[in-house]
Amino acid sequence: MITRSRIFITAALVCHLLLTPGIVTSQTLPPAATTVSAPESAAATAPALPTAPAGQTEEPVTMRAVQQEKDGSIYHLRGAAEIDYRTYILHADKITYNADTGDSELEGHVVLDGGPYDEHVVASHGTYNIRTQIGTFYSAIGTVGFRMRYSRYVLTTSNPFAFTGKIVEKHGPGHYLVRYGTVTTCELPRPKWLFSGVRMVVDVDGTAKIYNSDFRLMGMPVFYFPFVELPVQKEQRHTGLLIPSFGNSSTKGMIAGESAYWVFNRSTDATLGVEYYSKRGWFQRGDLRARPSDSSYVFFTYVGMVDRGIGNPRQDQGGEDAHFLAERSFGDFRGVANVDYLSSFVFRIAFTDVYTQAIDSEVRSQIFLSNTTNGFHFNALAERYQNFEVCNPNTQLNATCSTITQTELVRILHTPSFFISGEERQLGNTPLYWSFESAAEGLQRREIGFRTAAMVGRFDLAPSLTMPVQWRGWSLRPALTLRDTFYTEQGNPANSTTAADDILNRKSLEASVEVRPPALSRVFDHPWLGRRWKHVIEPRMKYDYVTGVNNFADILRFDATDVLTNTNEVEYSLVNRLYAKRLDPNAKDCSAQGMSTLTIGGAPQTGAVPWEAPPNPDAQVCASGPREILSWEIGQKYFFDPTFGNALVAGQRNVFTTTADFTGIAFLDSERHFAPLISRLRIETSPRTNTEWDVDYDLKAGRINSSMALVNYRFSAFTVGGGDAFLRVIDTGTGTTPTSEFNQFRVLFGYGQLNKRGLSAASSFGFDADNGSLQYATAQTSYTWDCCGLSLEFRRFALGAVRNENQYRFTFTLANIGAFGNLKRQERLY
């Protein structure tokens, strides 16, 4: 009996101790972090609401707070309350959260963070459903595409923006309705500009629509807009009116313009615009862009002027200029169309705002279809070439024009032309290699005082044999080419204004031998300037012999094919190269300084498609390993036959294939054995420097025929450049062979960067030393803030009697919105 009582008392005591912790812990605070999933019992008694997306009731929710209380499915979080759900984090001083429905009531210092676009909303209080992402925030400030990092904002999307509102309603993922608020792309709380409106609809992945708004700049109202649509994501495009443009010009007067943007579909859009010049009339412009596929595009631009005239008597300088560019693949063929139309060269001079385009007197159009298969090339071509001249009765002697007009000097057509050629390939098991070129073309030429038939046939065939040989560092390459060219018309000695309807067959035999001795090189043992240096000398020599062209004077001139002559010559040259390599293998030459877009003599960068941005020229360019610091080539030709098979005509400019291939400057006006000595110097000590100097020195005349020099240098935020072009050309004449000289130089300098905050400025001018006149000058300055920038420009043109104009242009740019003004991006200095 005693043993049984002891066992019973011991068991009761143990059970009592197991129940005690539950009584004590039920009165303590909940843990700091709690993970809650929808309980099975709750799901059985209270099914999910219809608005809750399927499957979300089982997703985990993490809650943190200083104090937590749970009343069924209701959680009361107080003090630094936080709810983590999916990719969002919800903060507030006090949160009442319903685990069944996902609803939450927020009070004090409300913050919503997260989402694929880094949404950030701060409010005083509000309500929010974490499952449906629907809620209302009061006295809210929001940003999209910003992320705070190290006390600075970092952009995480291409088009970040910020908004404020007395009431901000979130109607779903990425969709906001802002009442009595603002929208801007500037950093808060002091934006440089903003749109203030009564009602705003913002789609994070689309656009922001603003109703009854005014545009404020530095807090001052500037414009009222009944409706504005802003792109929130860069990929979104919508039809609408663009920001107006304004400007001033000494010859055009006050300028005001407007443009409309039209989106046809996701791959096609167009822009149509008009500008009114108070002194001249209406100027129209438009462009069409299409990207039907990854391998095709269409681009069309048009500008035109309805001119009231200028001067006394008034000169009408109106006209039209259109450009069509397209590319497409047709199976294994690639088709390209590059077509230009210009109604008046005077119009181009008077109204083109880019100097290099304004003085371009040539108009070229090409349409071709090409295919390359197994080393064989098949091409079809249609081409038109035009060259214009301005007739000025005030400056030209014996001018037949009474007013300043244009004259078409020459027009050459290739319609159509077919080419077939083959690359070099081995001839059986022999050491010989064969290749060929062939063409069948329809041609036409018209110029002042001469014209051919509507279509002149030209058929050309040129098979070649080569036998490259290498022996102990020597390279020997003999070549033999037989060329036969057939013309359906030829020159007419009896009538110089038309061609004779007689066939002409030109046959030529071309033999050449190119010899390259072993290069001499030396690596210097002693480093200098932290680099190891290497000097290389490369001698070259080539002998050419052409015979059979005995009818050169009767051949019609269409292109380079027709200036082939007999010759017996040798070309010799010497190339010096200097290489440098840093001793530190990890060291690199980097260039992210200065305005790399501001250069003299460099070809403009373009993208694969005209409207696509080219590779960022301001991006950091690093180079490691050996670098060619200097390259200097000196060359000359010796002509054993100074008459070129009697093709040379004394007393006038002569252009032959052999001279055009050697130097682009015509120098033949009489018999001679030695060609000018050419020098080609290139110096590039780093990616920040570029120096070139090309000189043609005529030993027979004892003078320089041409000198082209340019230098570009970037250091820190500064960019300087300069160039000089001197040219002495042979005028067409008789007896005395007169010459004309041209000497023009250009200087530019810049400071800063367009895409960086702060001040940037640049200036460029071109001066004609022969006439003692300033042809053009440009000065541009800009200041960029975090979300906008202001650019001012003065530009002057002095292009003879056609154009003497001063322009004042400006642009105010809003980040991710657009530009207000008439200083276009493609016309800026940087």
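The values are calculated or read from the model by the stated rules, or taken from the named source; none is laboratory data. Keep in mind that this is a model prediction, so the values were computed, not measured. Using ideal geometry, Cβ is built from the backbone for each residue, glycine included, and neighbour counts are taken over all protein chains shown. Side chains are part of the model used for accessible areas, which takes the heavy atoms of the whole protein and leaves out ligands, DNA and RNA. Shrake-Rupley method; radii C 1.70, N 1.55, O 1.52, S 1.80 Å.
Below is a table of values for the structure above.
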read-out	value
Any chance I349 is closer than 24 Å to L413 by Cα and either buried (at least 17 other Cβ atoms within 10 Å of the Cβ) or in contact with a strand residue (DSSP E or B) (Cβ under 9 Å, 6 or more places away or on another chain) (or both)	no
Counted residues, region 549-589 - those being small (G, A, S) and either open to solvent by 30 Å² or more (accessible area, probe 1.4 Å) or modelled with pLDDT of 95 or more (or both)	3
Among residues of region 685-697, those that are modelled with pLDDT under 95 and crowded, with 17+ Cβ neighbours inside 10 Å, counted	3
All strands (runs of 3 or more DSSP E) inside region 56-156 with 2 or more residues being touching a Gly at 6+ places or on another chain (Cβ under 6 Å) and modelled with pLDDT of 90 or more	88-98, 103-114, 119-129, 134-144
Failed item, numbered, when R506 is tested on (1) on the phi > 0 side of the Ramachandran plot; (2) open to solvent by less than 20 Å² (accessible area, probe 1.4 Å)	(1)
All positions within region 791-807 that are crowded, with 20+ Cβ neighbours inside 10 Å and touching a helix residue (DSSP H, G or I) at 6+ places or on another chain (Cβ under 8 Å)	F797, V802
Test result for R531, among the basic types (K, R) and touching a helix residue (DSSP H, G or I) at 6+ places or on another chain (Cβ under 9 Å)	no
Check on V336, exposed (fewer than 15 other Cβ atoms within 10 Å of the Cβ), aliphatic (A, V, I, L, M) and either at pLDDT 95 or above or within 21 Å of F558 (Cα to Cα) (or both)	yes
From the options T136, T96, residue that is of a type in the set (S, T, N, Q) and in contact (Cβ under 8 Å) with a residue 24 or more places away in the chain	T136
Boolean, F715 is open to solvent by 40 Å² or more (accessible area, probe 1.4 Å), modelled with pLDDT under 90 and among the aromatic types (F, W, Y)	yes
In region 355-372, the residues that are under 19 Å from R803 (Cβ atoms) and out of contact with any Phe, Trp or Tyr (no Cβ under 6 Å at 6 or more places or on another chain)	T356, Q357, A358, I359, D360, E362, V363
Subset of region 789-830 that is on the phi > 0 side of the Ramachandran plot and assigned to a strand (DSSP E or B) - its residue that is modelled with the lowest pLDDT	G818
Members of region 635-652 found to be farther than 17 Å from D562 by Cβ and among the hydrophobic types (A, V, I, L, M, F, W, C), listed by number	F639, F640, A650
Hits in region 258-269 (condition: open to solvent by less than 10 Å² (accessible area, probe 1.4 Å) and either modelled with pLDDT under 90 or within 21 Å of V306 (Cβ to Cβ) (or both))	none
Residue among D770, D786 that alone is within 26 Å of F215 (Cα to Cα), over 21 Å from the mean Cα position of the chain (by Cα) and open to solvent by 30 Å² or more (accessible area, probe 1.4 Å)	D786
Residue tally, condition among the small types (G, A, S) and under 36 Å from the mean Cα position of the chain (by Cα), over region 159-183	2
Residue check, R680 surrounded by 15 or more Cβ atoms within 10 Å (Cβ to Cβ), among the charged types (D, E, K, R) and under 34 Å from the mean Cα position of the chain (by Cα)	yes
Residue match in region 731-739 (condition: under 28 Å from K824 (Cβ atoms) and either assigned to a loop (DSSP other than H, G, I, E, B) or touching a residue at least 24 places away in the same chain (Cβ under 8 Å) (or both))	no
Answer residue from region 683-702, given it is of a type in the set (S, T, Y) and under 34 Å from the mean Cα position of the chain (by Cα) and is farthest from R728 (Cα to Cα) among those	S686
Criterion violated by I359 - all others in (1) at pLDDT 95 or above; (2) touching a Leu at 6+ places or on another chain (Cβ under 9 Å) satisfied	(1)
Flag for T372 being part of a loop (DSSP other than H, G, I, E, B), at pLDDT 90 or above and out of contact with any Leu (no Cβ under 8 Å at 6 or more places or on another chain)	no
Number of the exception - N712 against (1) closer than 21 Å to G594 by Cα; (2) of a type outside the set (A, V, I, L, M); (3) free of Cβ contacts under 8 Å to residues at least 40 places away in the same chain; (4) assigned to a strand (DSSP E or B)	(3)
Single match in P231, P191, P221, P226 (criterion: at pLDDT 85 or above and under 21 Å from W262 (Cα atoms))	P226
Selection within region 355-388 - of a type in the set (V, I, T) and surrounded by 14 or more Cβ atoms within 10 Å (Cβ to Cβ)	I359, V363, I367, T372
Filtered residues of region 703-712 (kept if more than 25 Å from P626 (Cβ to Cβ) and open to solvent by 50 Å² or more (accessible area, probe 1.4 Å))	R703, I704, M708
Count - residues of region 322-332 that are at pLDDT 95 or above and either more than 23 Å from the chain's Cα centre (by Cα) or open to solvent by less than 20 Å² (accessible area, probe 1.4 Å) (or both)	2
Residue in region 305-318 that is open to solvent by 20 Å² or more (accessible area, probe 1.4 Å), of a type in the set (A, V, I, L, M, F, W, C) and free of Cβ contacts under 8 Å to residues at least 60 places away in the same chain present	yes
So F195, is it closer than 23 Å to G789 by Cα and touching a residue at least 24 places away in the same chain (Cβ under 8 Å)	yes
Strands (runs of 3 or more DSSP E) wholly inside region 225-344 containing at least 2 residues that are touching an Asp or Glu at 6+ places or on another chain (Cβ under 6 Å)	253-265, 281-293, 296-307, 333-342
Members of region 465-487 that are open to solvent by less than 40 Å² (accessible area, probe 1.4 Å) and either in a loop (DSSP other than H, G, I, E, B) or without any contact (Cβ under 8 Å) to a residue 24 or more places away in the chain (or both)	none
